[in-house]
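Each reported figure results from applying straightforward, stated rules to the coordinates on display, with no laboratory input. The shown structure was predicted, so the numbers you read here are calculated from the model rather than taken from an experiment. Glycine also receives a Cβ, built like all others from the backbone with ideal geometry; neighbour counts cover every protein chain displayed.
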Amino acid sequence: MNVASRRELLAGWGRSAASRATLVRPETVSELEDLVVRERGTLPMVARGLGRSYGDAAQCGGGLVVDCTGLNRILELDVGTTKVRAQAGVSVDELLRWLVPKGLFPPVTPGTRFVTLGGAIASDVHGKNHHVDGTVSRHLDYLRIATPTGLVECSPTQRDDVFWATCGGMGLTGVVLEAVLRLLPIETSTMLVDTERVDDLDSCMARLSEDQDAYRYSVAWVDGLAAGRHLGRSVLTRANHAVVADLPVNARHDPLRLDLRRPLQVPVRPPISFLTPRTVAAFNELWYRRTPRHRTGEMVPLASFFYPLDGLAGWNLLYGPRGFTQYQFVVPLGAEATVRAVLERLSKARAASFLAVLKRFGEEGRGHLSFPTEGWTLALDVPLGSPGLGVLLDCLDELVLSAGGRVYLAKDGRVRPEMLASMYPRLASWLEIRESLDPEGVLGSDLARRVGLCSVRRPSTSRAGA
Amino acid sequence: MIDANGMPQTAVVIGGGSQIARDTMMLLADRRLSAVVLAGRDEAGLQATATELRARGVERVLTWSLDVTETDRLDAFAERAASELGSVDLVLMAVGALGPSDLDALDAKNVCRAAATNFSGPAAALAAFVAILRAQGTGRIVVLSSVAGVRARKANFVYGAAKAGIDGFALGLADALEGSGVGVTVVRPGFVRTKMTTGLKAAPFAVESQFVAEAIVRGLETEASVVWVPPVLRVVLALMRLLPRGLWRRIPG
């Protein structure tokens, strides 16, 4: 292998279960193809973008981790057809800087702009507009991927089996090299936001279900520590892109101005967690109180609407060295009681941290291992290491599974392997495609090995090379 | 793989016939443990634990005869364990035996045996796993030390000195492995009511082996580097280390 490599300890955004691997950063597509297609080496390998999946999806202890952030070119932008062709290592941040001034916006964006396009595809990410626009895979016209059996070009109409196995496939069907994404035309970089405070979970879910077609983006921030009659008290935020006519006259001359400020950086790695139930409860209280009961038509720059947490780089360090996980699940419509039960259990155990996110998903997509299905999704950050947490989360899995739901692999660090096939009924068909693309199990991650997603080759057990 | 909660899926237990090993594995079986190698000298104990673990749902349980004092077998043992399990998430070192208890019983042979059983053998066995764990880039070593190793006491100074040895070895190993993805947890129980201590008068703060097992699992969850069982012994021993020798020597038992 000609690409420079070094051994590095890698973990996900939650900073748990770190493992050491050989990290390589190809600078050209051909170098990447060498690694995955032509040489293949002896180690299992997985692609890594900006490391924002919470668990162990983009690490491979004892194996090879291919850092794809060097392949970040925007190859072609067609403003007329509103499509962009880009390398997979490009980040949403870079896309925004390029696209927004031209009146275009990514059709789907997660809660951070520091993800790569490849990572977004591998997790088939969703955003606050899932109920309208689905996941990112719905907006892809083309993928070019490197698999251990060769380069594959695929799309919803060409090799669609490979396409839908790769979208949401956690990087285990191939390394995405390039994608064509259909974009959303926008007139301004401003969001028109309606905010309302709701006192409990039932009203929150009712509000999220009513007139949801009136907003492209909608989400509720739930206080995961509130209990009793305040259980599920939340702030509902719903928005649409503003058009020029919405802006005050003096702001109309430059409606697409994009202000992506350099984030503040958490200056040190604190040796302990600052996010104790007490500090978080105080924060949640303050945040709930300062929100007006009802406010409409507030104009908010899109960065603060979509990426509030990106303002503080390295906020995950605040959880201290033991790290945290995010518990995100979805249950079908009709299983509202399950959402309530999960929230109750977590709030009772004082396990949840910052504001949780509740959203109503729209229709299920076609990715075999894609997470969203029509129903309710709740995501909560949970600090690790507290007594009984592991057992509690196992119980929550059972509630979720018995309601016909599932947990999100891009966030997971601990689900029981035996639950996977029931949570993801299309796992068997995904496996078949994976086997055809990678019969030797070259592609593998700690996640894949932990939950037994697929068979991954073993690194040779030689005593050397450590 | 080790999950976000620190729970292993595979384990190698050395001294696998011991009560603490059994209780710990039973707890891990309720969590994520799916394959385990139980190794040791106590054939009956290994079999009994294996039967219970299988009944508890652990898919693969292997029982291998092993004496850590036969050091030239250890590399092959570690290699074989790694190849059977695929990857080794946890190595639990639970080997130990009390040495001579008074001057009359002291002789060259039993001092060597106590040192080999409690220190050099376990250290050698851990060494055999270090390269494997480093190559994996992940894993955890849990070493059962003892408060007896914190300050050797006249009633069991041979055992105490050997435990001090393995304790120091494990702490040093932990520092050396920093950044490798491999963690080390040193467990320092006080008096534990087990086969090893049958017939002895229980010391203050004595605990059941189940209690030690729970503390070990908590240590895995918190990725602790040192676990005192019960936790109050951390303070007690800190004070005891300050005692003048004249007083220390007079502590009975």
*If you go through segment A:435-449 one residue at a time, do you hit one that is part of a loop (DSSP other than H, G, I, E, B) and touching an Asp or Glu at 6+ places or on another chain (Cβ under 7 Å)?*
yes
*Taking the condition within 14 Å of chain B (Cβ to nearest Cβ), under 25 Å from A:P417 (Cα atoms), touching a Leu at 6+ places or on another chain (Cβ under 9 Å) and touching a residue at least 40 places away in the same chain (Cβ under 8 Å), does A:F324 pass?*
yes
*Of the residues B:V217, B:V212, which single one is assigned to a helix (DSSP H, G or I), touching a residue at least 40 places away in the same chain (Cβ under 8 Å) and within 14 Å of chain A (Cβ to nearest Cβ)?*
B:V217
*Would you point out the residue of segment A:2-41, among those that are hydrophobic (A, V, I, L, M, F, W, C) and in contact with a helix residue (DSSP H, G or I) (Cβ under 6 Å, 6 or more places away or on another chain), that is nearest to the other protein chains (Cβ to nearest Cβ)?*
A:W13
*Which members of segment A:223-238 meet the condition of being surrounded by 18 or more Cβ atoms within 10 Å (Cβ to Cβ) and out of contact with any helix residue (DSSP H, G or I) (no Cβ under 7 Å at 6 or more places or on another chain)?*
A:T237, A:R238
*B:P230 vs. criteria farther than 16 Å from B:S146 by Cα and either in contact (Cβ under 8 Å) with a residue 12 or more places away in the chain or over 20 Å from the mean Cα position of the chain (by Cα) (or both)*: no
*Which condition does B:V182 not pass, out of (1) under 28 Å from B:L106 (Cβ atoms); (2) of a type in the set (A, V, I, L, M, F, W, C); (3) surrounded by 21 or more Cβ atoms within 10 Å (Cβ to Cβ), if it passes all the others?*
(1)
_Any pair with Cβ under 6 angstrom, 6 or more apart, that starts in segment A:22-43 at a residue that is among the polar types (S, T, N, Q) and ends at one that is surrounded by 14 or more Cβ atoms within 10 Å (Cβ to Cβ)_ = A:T22/A:S5; A:T22/A:R7; A:T22/A:L64
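Yes/no per residue for (1) farther than 16 Å from A:Y327 by Cβ; (2) within 13 Å of chain B (Cβ to nearest Cβ):
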| site | (1), (2) |
| --- | --- |
| A:L393 | no, yes |
| A:L399 | no, no |
| A:A403 | no, no |
| A:P417 | yes, yes |
| A:A421 | yes, no |
| A:R426 | yes, no |
| A:D438 | yes, no |
| A:L447 | no, yes |
| A:V456 | yes, yes |
*Confirm whether A:L355 is free of Cβ contacts under 8 Å to residues at least 12 places away in the same chain and either in contact with a Gly (Cβ under 9 Å, 6 or more places away or on another chain) or not polar (S, T, N, Q) (or both).*
no
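Residues are listed down the side, and each one gets a yes or a no for (1) touching a residue at least 12 places away in the same chain (Cβ under 8 Å); (2) away from chain A (no Cβ under 14 Å); (3) outside any strand (DSSP E or B):
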site: B:K109; (1), (2), (3): no, yes, yes
site: B:V158; (1), (2), (3): yes, yes, yes
site: B:V184; (1), (2), (3): yes, yes, no
site: B:G199; (1), (2), (3): no, yes, yes
*Determine whether B:L74 is farther than 24 Å from A:R450 by Cα, within 14 Å of chain A (Cβ to nearest Cβ) and not acidic (D, E).*
yes
_Verdict on A:P439 being touching a residue at least 60 places away in the same chain (Cβ under 8 Å) and farther than 23 Å from A:G12 by Cβ_ = yes
*Of all the residues that make up segment A:144-161, how many are buried (at least 22 other Cβ atoms within 10 Å of the Cβ) and either farther than 19 Å from A:L409 by Cβ or among the basic types (K, R) (or both)?*
2
*Are any residues in segment A:282-321 over 23 Å from A:Y215 (Cβ atoms), in contact (Cβ under 8 Å) with a residue 12 or more places away in the chain and among the aliphatic types (A, V, I, L, M), and if so, which ones?*
A:L312, A:A313, A:L317, A:L318
*Count, please, the residues in segment A:371-406 that happen to be closer than 11 Å to A:P332 by Cα and in contact with a Pro (Cβ under 9 Å, 6 or more places away or on another chain).*
7
